[in-house]
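Chemist: This is the structure, below, for whatever I ask next.
What follows draws every value from the coordinates through simple rules; no lab data is involved. None of the values given here were measured: they were computed from a predicted structure. Every residue, glycine among them, receives a Cβ derived from its backbone with ideal geometry; neighbour counts consider all protein chains shown.
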Amino acid sequence: MAASGGAPPAAPARTELYSKLLAVLFFMTLLTLMLLEAPWPTETTVASQEQTTPPLAELLFGEYGASFAMLSILMGVALFGGLFLAREDREEEEGAGDGGGAKAGAAKEEGAKGAVKGGEAKGGGAG
Amino acid sequence: MIPLSAYLVFSAILFCIGLYGVLTRKNAIVVLMSIDIMLNAANVNFVAFSAYSSPFDLSGQVFAALSIAIAAAEVAVGLAILLVVYRVKGRMNVRIFRELRW
């Protein structure tokens, strides 16, 4: 748990870094050797000279239409999940900081009552 | 004509760069970027194999497009989680996630 504060990187940390680098290099060498040794096809009948956008669209909206729709749902869920995660703390901070601002959320019943009775905005800050 | 093995070696190099970033860096955003580099290596493989094995079938390109969209969703959620962790802890170090164990 206790990490070194302002001291230079210790020898074990550097050793760990080198070991990770060695592992990655070994993996890359192994992968490259395997890729170079395998009898992959060496030439292609290049269809990219022709138009590839219409068949791509046909695949996306035809054969892979279900996965496309599921992916759109996934992206929507991710969007709203990200918004939810990012907004939650901001509401708490505003609630803790202002103590009943212009929002007057449903959870702040006491603050709302005070604001209705007083009719004035609390806090010294403008805004 | 560029052989298929050149694309595969390029993809392997890209993947290893991402792997190195994931293993060594401590900033969570950099780790997220390294994961995306690894995903892009997979996308290169998808397109290369599709172009060389069955040139008239564009399924590899479709898979690459879907993979890019999945990566975008992953990055959105990951960044939101990192934002919350940064607000709570005040740091972006990946070792913070050890404290999330239960």
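Chemist: Please determine, by comparing only the residues of the stretch B:21-34 that are over 12 Å from the mean Cα position of the chain (by Cα) and either over 22 Å from B:VAL77 (Cα atoms) or surrounded by 19 or more Cβ atoms within 10 Å (Cβ to Cβ) (or both), which one is nearest to the other protein chains (Cβ to nearest Cβ).
Modeler: B:THR24
Chemist: Within the stretch B:46-67, is even one residue part of a helix (DSSP H, G or I), under 13 Å from the mean Cα position of the chain (by Cα) and more than 9 Å from chain A (Cβ to nearest Cβ)?
Modeler: yes
Chemist: Considering every residue within the stretch B:7-26, establish whether at least one is outside any helix (DSSP H, G or I) and not hydroxyl-bearing (Ser, Thr, Tyr).
Modeler: yes
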